[in-house]
6 protein chains.
Amino acid sequence: MRILLINPNSSPAMTRTIANTGKAAAAPGTEVVGTCPPGAPLSIEGHSDGVLAAFHTLKLVEESGPADGYVLACFDDTGVDAVRERVAGPVLGIGEAAMHAATMLACRFSILTSLERSVPILEDNAARYGLAARCRGVHAAQLPVLAFEDGKSAYAVLRDAARAVLERDRSDALVLGCGGMAHLAPRLAGELGVPVVEGVACAVKFVESLVSLNLKTSKTGGYAYPLAKTPVSGGGHHV
Amino acid sequence: MRILLINPNSSPAMTRTIANTGKAAAAPGTEVVGTCPPGAPLSIEGHSDGVLAAFHTLKLVEESGPADGYVLACFDDTGVDAVRERVAGPVLGIGEAAMHAATMLACRFSILTSLERSVPILEDNAARYGLAARCRGVHAAQLPVLAFEDGKSAYAVLRDAARAVLERDRSDALVLGCGGMAHLAPRLAGELGVPVVEGVACAVKFVESLVSLNLKTSKTGGYAYPLAKTPVSGGGHHV
Amino acid sequence: MRILLINPNSSPAMTRTIANTGKAAAAPGTEVVGTCPPGAPLSIEGHSDGVLAAFHTLKLVEESGPADGYVLACFDDTGVDAVRERVAGPVLGIGEAAMHAATMLACRFSILTSLERSVPILEDNAARYGLAARCRGVHAAQLPVLAFEDGKSAYAVLRDAARAVLERDRSDALVLGCGGMAHLAPRLAGELGVPVVEGVACAVKFVESLVSLNLKTSKTGGYAYPLAKTPVSGGGHHV
Amino acid sequence: MRILLINPNSSPAMTRTIANTGKAAAAPGTEVVGTCPPGAPLSIEGHSDGVLAAFHTLKLVEESGPADGYVLACFDDTGVDAVRERVAGPVLGIGEAAMHAATMLACRFSILTSLERSVPILEDNAARYGLAARCRGVHAAQLPVLAFEDGKSAYAVLRDAARAVLERDRSDALVLGCGGMAHLAPRLAGELGVPVVEGVACAVKFVESLVSLNLKTSKTGGYAYPLAKTPVSGGGHHV
Amino acid sequence: MRILLINPNSSPAMTRTIANTGKAAAAPGTEVVGTCPPGAPLSIEGHSDGVLAAFHTLKLVEESGPADGYVLACFDDTGVDAVRERVAGPVLGIGEAAMHAATMLACRFSILTSLERSVPILEDNAARYGLAARCRGVHAAQLPVLAFEDGKSAYAVLRDAARAVLERDRSDALVLGCGGMAHLAPRLAGELGVPVVEGVACAVKFVESLVSLNLKTSKTGGYAYPLAKTPVSGGGHHV
Amino acid sequence: MRILLINPNSSPAMTRTIANTGKAAAAPGTEVVGTCPPGAPLSIEGHSDGVLAAFHTLKLVEESGPADGYVLACFDDTGVDAVRERVAGPVLGIGEAAMHAATMLACRFSILTSLERSVPILEDNAARYGLAARCRGVHAAQLPVLAFEDGKSAYAVLRDAARAVLERDRSDALVLGCGGMAHLAPRLAGELGVPVVEGVACAVKFVESLVSLNLKTSKTGGYAYPLAKTPVSGGGHHV
């Protein structure tokens, strides 16, 4: 089984971290191909980075060889619905994977992400996935995404923020709200005493599960293959 | 006042229709510039078209001169949040404009869009705008977006579908769920006997309203300007 | 175009403030008639004031000459649905107008009203308009409505309360939750650095927009004209 | 114990029916005073009737002697919140009473009311009481309120509509959505084979329950007594 | 009329307290039989105690003679739906009874329960009853259930926690979230100045009300009598 | 890795079917132990069967040797929360597993269960998991649970019901709402042309995933281990 694990931003360091996490999670027979779209922003911090990243991710999916399943490793789950339209295998974002997993382990969870500007995006996603009632809060550690490449000082800030969040929200699990935090989960779990869920490993395992059960993306509704357009005439122009 | 009215797909005919509708709605002192992004799909039918359209719309916004306000004339409201990050003036999608307007005129409304595959997208938007309880149903006329360029036969199908929808949902207003239907609204309203709300004119008027009140997009939260990235090294690569 | 701008309470000072705000917002060709129902309470603070105000507002609407559109300038939106039944033109409450406008400008907003007793009313309205998820909190400045007639000391209290609310809720826009605060919006916006949305100007512009688009209140459902009663016999009596 | 049972419309026949139902439900020691406000509309069909009825109901409450509890016998629950502000004893609308009772007896209920125009009002109430998920539908028998005074032909229409509603919604209880239907409940229950809940009797019993437990309306929040106004000067005037 | 008042845990002291509260609330003609299932846990603190208690409660209901109505006096409402299937008379949990009652008396309420582990259970119940928007918070006094048998020191802790909760949540009523607190309600109400709602008395009165109105549990839907099984062969076994 | 796969009813045939499905889904290194609690009802049809099954399931968990993860194979997810309290490894119900999986594959799904009486239970679960907006309907095939042991005639009924449900709900995936249907999924998927999700295989794979990632049930909140009780005195007694 071949899973394409895409980091939708173009940071090589983060792509490596994510790929390592995904490969470590996969079963023996699973080939995990870690990659990222060259033209995407270096990090995804907000809606506009998200649009650029989704565009380049779609292109990368078209250009990559066939895969049995797909993981998009941006916690905003940008581009997930669009990729689902383009392929047959199951596609999972790390945000939804982590949130679903958290509901299997804890009564209530909190999300800790990088920057405040991502908070409403994740709140909206939690609501759209229907998990708003299980999520007691989305919080920002006030660290830019790329800070986690240097795990050292970022780790301490993250851990202290996590402790404050868990106490304030009275949550019994923590969800890490950024793909760049993936490698910090085990250490955090050890210090915090609650399940710390990061989405890269969860998404790889869940996609592996769906592929092994021969479950594919539905092709009859909102994820049907894109339609061919009947070109009418020229392109854009001012009127 | 200068309003950039963007049709996020690249159909010249639809761009013309939308521009005409927007110009007709604007007040005397308002300059409405109708345009579309050349690289975008010819029509937006689903998530993947939406990602492409949002990408090219962002680029078009960057390249266009400054404007006081912006209207994105795709009923899916694709790219609206991203454009809000990039500019200071108010930005409105025609989907949200039409849905908000409908709640000002009727107790319950129904949406009639082009294809079934867009139904879950619009249901999700209605829920995200919080208007799900006011919207009694999202339905598809089973016509591709470009069919409305030839208004003749499409009109009859649309009208009959609208009648069926209003009766089934017991709604007292109809929202037209596709920018390409904009020019059909007055005739439909005449035949159906309920308010028929299309978003292009509504969005132009609402943006005009916000600009005249000197209300701008907030720059302190989720719509703050995108952050500069500190480039670290190279681009995407397989690991 | 003639818009009837009704302050549903009977305070002459507040009626003047509201009328001035509405007139300043209107386009050149729009006549805004500011008025208030003589028998209504001097201020609307709670449900029972709201019932009295709605009753007298209905009477005022009947007695006033015809208008193309209507704005009810009480943030509780008391009587809005009832007036919609009585007239053909569009009718807007300043509460709904401001909340809808806020969602066009910011990811999340907070409402600052006068007294604690109005908080559950506004929370319920936000929920009914479907905007609860966008509204991070409704708060009271602990000032009676009439305090804003003397803008001086009230302004400082309001500004400090607004700052505290924005920090606590991490909101990126402020909605002023009382018609009497209308004239304080520009100054507050200057000091707070986020959009400050007040409903009088928004409602006037939105009604103006709907009228110019020839969009009227639906007359086939919940806003149909009241039915004539077939009188049966006498009035109320103890049994 | 003295319970004021107010029919908020001014139909003498309906007031008698409601009073009889309430008296029959009350315990031996409970005095139920059935009454109605003379100036109110003859029936409450929509928002504007509701505003008039609430106004006259408030006046009636002020003029009536003290009571230990209050029931407002309009299924729209118009004026309930306002009366709660004015008195100390518990106040219940028949709509909320019936809906709460239905959730105690059945997994899912449907509401059958008089006219289509009341449907969105009751849907909104069900949502505000939080019972929307338990209510599978609000339907209209297409009969005006006063039709039920002549129980004969109205009964057959109501019963047939009820059967259709129960089958369509797969509900296991029926709520009668109009005070004028109160006397028809026992006969309907016999024919339909499911609990038929009407609100007059339920509200009288629930208020009786609360009074006997010495539970009163809270006076510290949204139902605190109305505040005295500091009159400033004259009344309404055009500006 | 005979009401079976079951304390679903097996604490004799708590059973006595609950029985006394229920008997004091009942009308003259009502016989309240207080009882508890011998095999149940001594207190119900969490999901697993809840399953055991529900099982033994079901058995107790089968073994007890017929009753006209039933009250289950655990605030988690464990087993309520199951008992509804087994009997014809109305069945009420004290959690739902208290929450419904609170909405009749106050705009917003808060729940104070014993231990943190019960908080998500009660939050979920409030949501399922549709009352989440009326409930501003569920909080734990951090006292085990059995602590309330010794009312002395527990009372002071409870009162101080209640004060903090009311101030933090700005609620205008308090709901006591544990059957063992029933006898403390009147004293708390006196000190706190808001309605203090405890569910045992409310549930007894509401069931008494429903019985007196001849309203029974529906037998056509989700509460129909359990079906007889056609035994196939042996029992459980490892495969 | 050892996963305890519990069929919470006591039907040997269904236990075999479920065990076979679970074993077939598991990875090479995973030992799946299929079992059922001898005292449980032969099938779970409604709340009261659910309480009995949960009780015996809890006992079975206590008596079984240690396992790394647990699957409860009743689609109602009865007892899942309680088992989570008792063990450290992850615990999953097949209902939640299937619903979460469906949201990863399709925009909208419908559930087809055995009997009408289970519909409200599953609707409530879907709402509690937050997936109500993704689930367009819960329907009953009107077949008792044990009918599926004889797959022949039951299959045809199920398939025809599934077709009707998919057309009516316009859903793009079907969730099988009963553990006894597990073996029919592949054949149904072949005939229906949409993903057919059954929960046994999904739950086994998801639990396997969580165990392999060393993610365990949280022990600090609502799933903390049950507390020891301080026995006070005797058992249940009538008062």
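The values are calculated or read from the model by the stated rules, or taken from the named source; none is laboratory data. All values derive from a computational prediction rather than experimental measurement. Reconstructed Cβ throughout: ideal geometry from the backbone, glycine too, with neighbour counts over all protein chains shown. Side chains included, ligands, DNA and RNA excluded: accessible areas come from the protein's heavy atoms. Shrake-Rupley method; radii C 1.70, N 1.55, O 1.52, S 1.80 Å.
For the range E:173-185: of the residues being under 14 Å from E:G95 (Cβ atoms) and of a type outside the set (A, V, I, L, M, F, W, C), which is surrounded by the most Cβ atoms within 10 Å (Cβ to Cβ)?
Restricting to residues being under 14 Å from E:G95 (Cβ atoms) and of a type outside the set (A, V, I, L, M, F, W, C), the top hit is E:G179.
Out of curiosity, is B:E85 at negative phi, within 7 Å of chain A (Cβ to nearest Cβ) and not in a helix (DSSP H, G or I)? Lay out the reasoning, then the answer.
Working: at negative phi: yes; within 7 Å of chain A (Cβ to nearest Cβ): yes; not in a helix (DSSP H, G or I): no.
Answer is no for this residue.
Using the structure shown, decide if B:T78 is modelled with pLDDT of 95 or more, open to solvent by 10 Å² or more (accessible area, probe 1.4 Å) and under 15 Å from the mean Cα position of the chain (by Cα).
On the way: modelled with pLDDT of 95 or more: yes; open to solvent by 10 Å² or more (accessible area, probe 1.4 Å): yes; under 15 Å from the mean Cα position of the chain (by Cα): yes.
Considered against the rule, which asks whether it is modelled with pLDDT of 95 or more, open to solvent by 10 Å² or more (accessible area, probe 1.4 Å) and under 15 Å from the mean Cα position of the chain (by Cα), B:T78 comes out as yes.
I'm trying to understand the selection: among the residues of the range B:113-133, which are part of a helix (DSSP H, G or I) and closer than 22 Å to A:L131 by Cα? Full working, then the answer.
As a first pass, look at the range B:113-133 and keep what is part of a helix (DSSP H, G or I): B:116-128.
If the condition is that a residue be part of a helix (DSSP H, G or I) and closer than 22 Å to A:L131 by Cα, then B:V119, B:P120, B:I121, B:L122, B:E123, B:D124, B:N125, B:A126, B:A127, B:R128 are the ones that fit.
Filter the range A:141-172 down to residues that are among the hydrophobic types (A, V, I, L, M, F, W, C) and open to solvent by less than 20 Å² (accessible area, probe 1.4 Å) and give me whichever is nearest to E:C135 (Cα to Cα). Give the steps one after another, and end with the answer.
First, pick out the residues of the range A:141-172 that are among the hydrophobic types (A, V, I, L, M, F, W, C): A:141, A:143, A:145-148, A:154, A:156-158, A:161-162, A:164-166.
Narrowing the set further to residues that are open to solvent by less than 20 Å² (accessible area, probe 1.4 Å) leaves A:141, A:145, A:148, A:154, A:158, A:162, A:165.
Values: A:A141: 30, A:V145: 37, A:F148: 39, A:A154: 38, A:L158: 32, A:A162: 27, A:V165: 23 Å.
This residue is A:V165.
Taking E:A102 as the residue in question, decide whether it is in a loop (DSSP other than H, G, I, E, B), within 30 Å of A:L131 (Cα to Cα) and outside the structural domain of E:T35 (by TED's automatic domain parsing).
On the way: in a loop (DSSP other than H, G, I, E, B): no; within 30 Å of A:L131 (Cα to Cα): yes; outside the structural domain of E:T35 (by TED's automatic domain parsing): yes.
Judged against the criteria, E:A102 is not a match.
So in the range A:1-18, with the set limited to residues that are surrounded by fewer than 24 Cβ atoms within 10 Å (Cβ to Cβ) and without any contact (Cβ under 8 Å) to a residue 40 or more places away in the chain, which one is farthest from B:A228 (Cα to Cα)? Give the derivation first.
Step one: filter the range A:1-18 for residues surrounded by fewer than 24 Cβ atoms within 10 Å (Cβ to Cβ), giving A:1-2, A:12-13, A:16.
Of the ones still in play, those that are also without any contact (Cβ under 8 Å) to a residue 40 or more places away in the chain are A:12, A:16.
Values: A:P12: 18, A:R16: 22 Å.
That would be A:R16.
Filter the range B:1-36 for residues that are closer than 21 Å to B:P186 by Cβ and polar (S, T, N, Q); which is nearest to the other protein chains (Cβ to nearest Cβ)?
Within the range B:1-36, the match that is nearest to the other protein chains (Cβ to nearest Cβ) is B:T15.
Right, A:P66: assigned to a loop (DSSP other than H, G, I, E, B) and within 9 Å of another protein chain (Cβ to nearest Cβ) or not?
No, not satisfied.
Could you tell me which of the residues D:G50, D:G39, D:G95 is buried (at least 24 other Cβ atoms within 10 Å of the Cβ) and facing another protein chain (nearest Cβ under 10 Å)?
Being buried (at least 24 other Cβ atoms within 10 Å of the Cβ) and facing another protein chain (nearest Cβ under 10 Å) holds for just one of D:G50, D:G39, D:G95, which is D:G50.
How many residues are surrounded by fewer than 24 Cβ atoms within 10 Å (Cβ to Cβ) and part of a loop (DSSP other than H, G, I, E, B) when one looks only at the range F:19-36?
5
Which numbered condition in (1) open to solvent by less than 10 Å² (accessible area, probe 1.4 Å); (2) at the interface with chain B (Cβ under 7 Å from one of its Cβ atoms); (3) out of contact with any Phe, Trp or Tyr (no Cβ under 6 Å at 6 or more places or on another chain) is the only one that A:V71 fails?
With (1) open to solvent by less than 10 Å² (accessible area, probe 1.4 Å); (2) at the interface with chain B (Cβ under 7 Å from one of its Cβ atoms); (3) out of contact with any Phe, Trp or Tyr (no Cβ under 6 Å at 6 or more places or on another chain) applied to A:V71, the lone miss is (2).
Evaluate the range C:121-131: report whether one residue or more is more than 14 Å from chain B (Cβ to nearest Cβ) and either of a type outside the set (S, T, Y) or touching a residue at least 60 places away in the same chain (Cβ under 8 Å) (or both).
The first filter runs over the range C:121-131 and keeps only residues more than 14 Å from chain B (Cβ to nearest Cβ), leaving C:121-122.
Restricting the remaining residues to those that are either of a type outside the set (S, T, Y) or touching a residue at least 60 places away in the same chain (Cβ under 8 Å) (or both) gives C:121-122.
Looking for residues that are more than 14 Å from chain B (Cβ to nearest Cβ) and either of a type outside the set (S, T, Y) or touching a residue at least 60 places away in the same chain (Cβ under 8 Å) (or both), one finds at least one in the range C:121-131, hence yes.
So, F:T21, is that one within 27 Å of F:E116 (Cβ to Cβ) and at pLDDT below 95 or not?
Working: within 27 Å of F:E116 (Cβ to Cβ): yes; at pLDDT below 95: no.
Criteria not met by F:T21.
I'm trying to understand the selection: among the residues of the range F:98-127, which are β-branched (V, I, T) and open to solvent by 10 Å² or more (accessible area, probe 1.4 Å)?
Let us first name the residues in the range F:98-127 that are β-branched (V, I, T), namely F:103, F:111, F:113, F:119, F:121.
Passing the criteria: only F:I121.
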